[in-house]
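Have a look at the structure that comes next, please.
The values are calculated or read from the model by the stated rules, or taken from the named source; none is laboratory data. Just so we're clear, the structure is a prediction, and the values are computed from it rather than from any experiment. Cβ coordinates were reconstructed from backbone atoms using ideal geometry, including for glycine residues, and neighbour counts include every protein chain displayed. Keep in mind that these areas ignore ligands, DNA and RNA; they rest on the heavy atoms of the full protein, side chains included. Shrake-Rupley method; radii C 1.70, N 1.55, O 1.52, S 1.80 Å.
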2 protein chains.
Amino acid sequence: MKEGPDIAYIAALIGDPARANILTALMSGRALTATELAAEAGVTLQTASSHLSKLDQGDLLHARRQGRHKYFSLANDDVAQLLEKLMGLAARSGHLRHQPGPKNAALRKARVCYHHLAGDMGVRLFDSMMARGYIRPEGEDLTLSNEGDGFATGFGIDVEALRLKKTPLCRECLDWSERRCHLAGSLGRAFLSRFEELGWAKRNQKTRIISFSRSGEKHFNQLVTVCTR
Amino acid sequence: MKEGPDIAYIAALIGDPARANILTALMSGRALTATELAAEAGVTLQTASSHLSKLDQGDLLHARRQGRHKYFSLANDDVAQLLEKLMGLAARSGHLRHQPGPKNAALRKARVCYHHLAGDMGVRLFDSMMARGYIRPEGEDLTLSNEGDGFATGFGIDVEALRLKKTPLCRECLDWSERRCHLAGSLGRAFLSRFEELGWAKRNQKTRIISFSRSGEKHFNQLVTVCTR
DNA sequence: TAAATGTTTCGATTACGATCGAACTATGAA
DNA sequence: TTCATAGTTCGATCGTAATCGAAACATTTA
């Protein structure tokens, strides 16, 4: 039994509390500096630096210098998905670090998951697009149908520009709170950006919570309900 | 950042090499005894016992006594899926424990993944069923269409009996080698059993490899190709 | 009953890695 | 230049957890 990928190596990287905190913080999708991540993880800068270089070596994250800052972000969607799956398992078997509280409820409703909308509202968006045939599964990835293209374009998203990029347009991502899929990929990100542009929603910089304004939520509900025919 | 599921706890469980070996061995879907798993992991029985109780406490596996033996298996499909995802990441970033060899090639072609068929052939079965509309995605799970029911029943699978069980009928499971989905769930298992019943394929008890006989593979190819209309 | 096999508990050893203070490098500002 | 901020490297300390020998416990077989 010494064949195959070395899962212990990757799992051990995630298995340290400080590193897990760092990775969780990066699930917001934003790139953070070493100092910020040290604070998130609750360790000194030296310790964080050591952790960050290990995570980098393991290809779990991506580092880029910018002046005297060094910004870190998750390496790719796969890492984010793995982390979500881990959260799902941990949550289901009751291994929470704190009791579910009001903050938790907000997280379950709408939160950032590596730049796209997750939680109850994320799942609702995904389901409605699936039900209307806007997106279709194709192997591991999803395809945006012509109708879906029209829908997104009509909503103010420059789908053509997204298609030119080499990152996948649509992907599905499993929610740990809902245990359902929500929309990821560059289109998923574009939707979240658009919600912010329109003033429907605002990201909380610290907590991954996305708060929708009252009217924003109303518009959102229309968006996912309308023309179910 | 102290909210949410404790991913470090779960990841650390998987992050020990001996425990990772144990979990990998259980990916075959078979229930194994403590002694067998100790051998797989390359540790003494005492050490394995300690690991097994930790994994059990973390709800990663399921233990059942039977006489003077104690059988262990993975707790559920979610654990298996998490492990597959981990393998995918580890493989993609090149963290293999050994060079890809002939054994690896066989693993990539057809192997057991928690009781169902994985690898190239697993993906082909999944794709053909998807293309013919036999299975359809629905949220996280998959639905078996009427045509799909007929197809499976015609192949000698007692779909009605499977439906009565409380475990999901169809699920998708991501392949680490193919990076595509193959069919999991009780129907996935039923297909593999049926292949064995018909003498098309045989499981290698040690390595997760599934070897198809020459005629078995021919039949299989017809099964996934026929009536693509 | 005794013997054999399978598994767990106990205790001691050991090794690895997380942590941080201190010193060092690098970039930007004054 | 000098100062300040950001990050890394070094070295020492410290804790925890993996490991295994030995012994206990459990269950089946003879």
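Using the Cβ atoms and a cut-off under 12 Å, what net charge is assigned to the surroundings of B:S213, where Lys and Arg are +1 and Asp and Glu are -1?
After counting each charged neighbour, the total is +1.
Can you pull the accessible area of B:Y9 for me, 1.4 Å probe, Å² to the nearest 10?
So the heavy atoms of B:Y9 present about 80 Å² to solvent.
Using the charge dipole of the protein assembly as shown (Lys, Arg: +1 at Cβ; Asp, Glu: -1 at Cβ; taken about the Cα centre), state which of A:H182, A:H51, B:A190 has its Cα farthest towards the positive end.
Result: A:H51.
What's the magnitude of the charge dipole for chain B around its Cα centre, counting Lys and Arg as +1 and Asp and Glu as -1 at the beta-carbon? Answer in Debye, nearest 20.
760 debye
A follow-up question, please. Could you pull the copy-to-copy label distances for A:R194, with points set 7 Å along Cα to Cβ, in nm to one decimal and sorted shortest first?
4.2
Also: Quick check on chain B: helices-only [θ] at 222 nm, where DSSP H runs of length 4 and up contribute -39,500 (n - 2.57) each and the sum goes over total residues. Nearest 500, please.
-15000 deg cm²/dmol
Round to the nearest 10 and report in Å² the accessible area of A:T153, as given by a 1.4 Å probe over the protein chains' heavy atoms.
Counting only protein heavy atoms, A:T153 exposes about 70 Å² to solvent.
Also, I was wondering about something else. Give me a single rounded figure for B:14-23: the average over its residues of other chain Cβ atoms within 10 Å of their Cβ.
So the per-residue partner count for this stretch is 5.
Also, I was wondering about something else. With a Cα-only, solvent-free Debye model of the protein assembly as shown, what are the log10 I(q)/I(0) values at q = 0.10 Å⁻¹?
Log10 of I(q)/I(0), two decimals: -0.77.
Under the definition of partner shielding as Cβ atoms of other protein chains within 10 Å of a residue Cβ, what is the mean value for peptide B:73-84?
3
Here are some pairs, A:K109/B:K166; B:K109/B:K165; B:K109/B:K202; A:K109/A:K202; which of them have Cα atoms lying more than 19 Å apart in this structure?
As for pairs spanning more than 19 Å Cα to Cα, those are A:K109/B:K166; B:K109/B:K165.
Let me ask something additional. Put B:L169, B:L23 in order of accessible area, largest first, 1.4 Å probe: what do you get?
B:L169, B:L23
Choose one answer from A:Q81, A:Q46, A:Q66: the residue with the largest mean-square fluctuation in a GNM of chain A with alpha-carbon springs under 10 Å.
Among A:Q81, A:Q46, A:Q66, the largest GNM mean-square fluctuation belongs to A:Q66.
Note down the accessible area of A:K85, probe 1.4 Å, to the nearest 10 Å².
Only protein atoms counted, so the area is about 30 Å².
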